[in-house]
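Below is one structure, written out as structure tokens; comments come after it.
The values are calculated or read from the model by the stated rules, or taken from the named source; none is laboratory data. Computed from a predicted structure; not experimentally measured. In this analysis, Cβ positions are derived from the backbone assuming ideal geometry, glycine residues included, and neighbour counts consider all displayed protein chains.
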């Protein structure tokens, strides 16, 4: 049975240590957070009380306290005098962090050995609760979109299939029936990702605008658009502040990011035109009329899709390895991606048939003196091989 590395980390933290911190697993929906906990629960010798807010009518702080009490009862009589409480989709409970803090501090004062794991699919709501109430009481494990090595090991996909079908494990059984696969991504990933992970948890004054922004972002994934140009593509677009806020919400839900321009000044980065980048290439394919064999045969189009897959690859690893992802452009010079860690930057250019630009790398080298310059595709590392690399290893 395939297991992601996050499971070993969770097991090590819970079983290998005395009660120290609340463990928080968070990340996009349907990437396997619940599966990780289920795998842990099957293999651990500790009693586990697992509950989810899904299907619970109006769960609140009292409900959390009740589940906490059930888990406390499981500690009595165990040989290790320990138990684990798991609460899934915790962000759906208003002011959840206040109740968790109250119960955790109560156990801490009493020396009670209950261990706690919280799961959530809204990065924005989870981080808000952690910073407001639980500072110093938690460790977090970000569980993001699957990388190509994980998808290949678990399901045997080729690199080309990964570019088109993305990395949702629950969709892999449908790729031989592409219309069913597209419906699954639209109905089980995109629609609830917007309606449940954003609209139900955050105030959005123009939900239709947010949905349309996501569609435009998928269409132009891998391309740089000013907010003025984006507004020209949208009806009732409001202002640039609204668009930037909605793009941030889409990013925190693991759907669409606006990559910022690399610059030596933080303020200049934040005021730059965003480069659209999907977190998972399945979002693009599911909204296209093309089928996989036809897409591969269209060279310029396929080249853009490969670049988006490289961007999604870098984005997924940036959360795991804590490096920053940018692009760079000055006049006619452009570098597709820049990854930065501490005081080092690496420029990455993707040459897959979509573009014949050659001047960007030299201009970037002259301006910033980067740690490395990497060419992916023709004249460089084959893009299929690059998808197998942990980008953090490039800094070695």
Within segment 280-301, tally of residues that are out of contact with any strand residue (DSSP E or B) (no Cβ under 8 Å at 6 or more places or on another chain), surrounded by 20 or more Cβ atoms within 10 Å (Cβ to Cβ) and not in a loop (DSSP other than H, G, I, E, B)
3
Could you check segment 73-103 and list, in sequence order, the residues that are in contact (Cβ under 8 Å) with a residue 40 or more places away in the chain and either in contact with a strand residue (DSSP E or B) (Cβ under 6 Å, 6 or more places away or on another chain) or within 19 Å of residue 38 (Cα to Cα) (or both)?
82, 84, 86, 88, 91
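Any residue that is closer than 29 Å to residue 315 by Cα, out of contact with any strand residue (DSSP E or B) (no Cβ under 9 Å at 6 or more places or on another chain), modelled with pLDDT under 95 and part of a loop (DSSP other than H, G, I, E, B) - is there at least one of those in segment 13-28?
Just the residues of segment 13-28 that are closer than 29 Å to residue 315 by Cα, to begin with: 13-14, 21-28.
Retained after the next criterion (residues that are out of contact with any strand residue (DSSP E or B) (no Cβ under 9 Å at 6 or more places or on another chain)): 28.
In the following step, the residues that additionally are modelled with pLDDT under 95 were identified as 28.
Okay, now just the ones that are also part of a loop (DSSP other than H, G, I, E, B), so 28.
Scanning segment 13-28 turns up at least one residue that is closer than 29 Å to residue 315 by Cα, out of contact with any strand residue (DSSP E or B) (no Cβ under 9 Å at 6 or more places or on another chain), modelled with pLDDT under 95 and part of a loop (DSSP other than H, G, I, E, B).
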Per the list (1) under 29 Å from residue 143 (Cα atoms); (2) more than 17 Å from the chain's Cα centre (by Cα); (3) at pLDDT 85 or above, residue check on residue 226 breaks on (1)
If you check 128, 115, which single one turns out to be out of contact with any strand residue (DSSP E or B) (no Cβ under 8 Å at 6 or more places or on another chain) and either free of Cβ contacts under 8 Å to residues at least 24 places away in the same chain or more than 15 Å from residue 387 (Cβ to Cβ) (or both)?
128
How many residues of segment 110-127 are farther than 17 Å from residue 83 by Cα and surrounded by fewer than 16 Cβ atoms within 10 Å (Cβ to Cβ)? The answer is 0
Sole miss for residue 225 among (1) more than 25 Å from residue 389 (Cα to Cα); (2) crowded, with 18+ Cβ neighbours inside 10 Å; (3) in contact with a helix residue (DSSP H, G or I) (Cβ under 6 Å, 6 or more places away or on another chain); (4) in contact (Cβ under 8 Å) with a residue 40 or more places away in the chain is condition (3)
Subset of segment 212-227 (residues that are within 20 Å of residue 312 (Cα to Cα) and either in a helix (DSSP H, G or I) or not assigned by TED's automatic domain parsing to the domain that holds residue 242 (or both))
213, 214, 215, 216, 217, 218, 219
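Check 362, 316 and return the single one that is touching a residue at least 40 places away in the same chain (Cβ under 8 Å), out of contact with any strand residue (DSSP E or B) (no Cβ under 6 Å at 6 or more places or on another chain) and either surrounded by 22 or more Cβ atoms within 10 Å (Cβ to Cβ) or not in a strand (DSSP E or B) (or both).
When all the criteria are applied, what remains is 316.
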Matching residues, segment 119-143, being at pLDDT 90 or above and part of a loop (DSSP other than H, G, I, E, B):
134, 135, 136, 137, 143
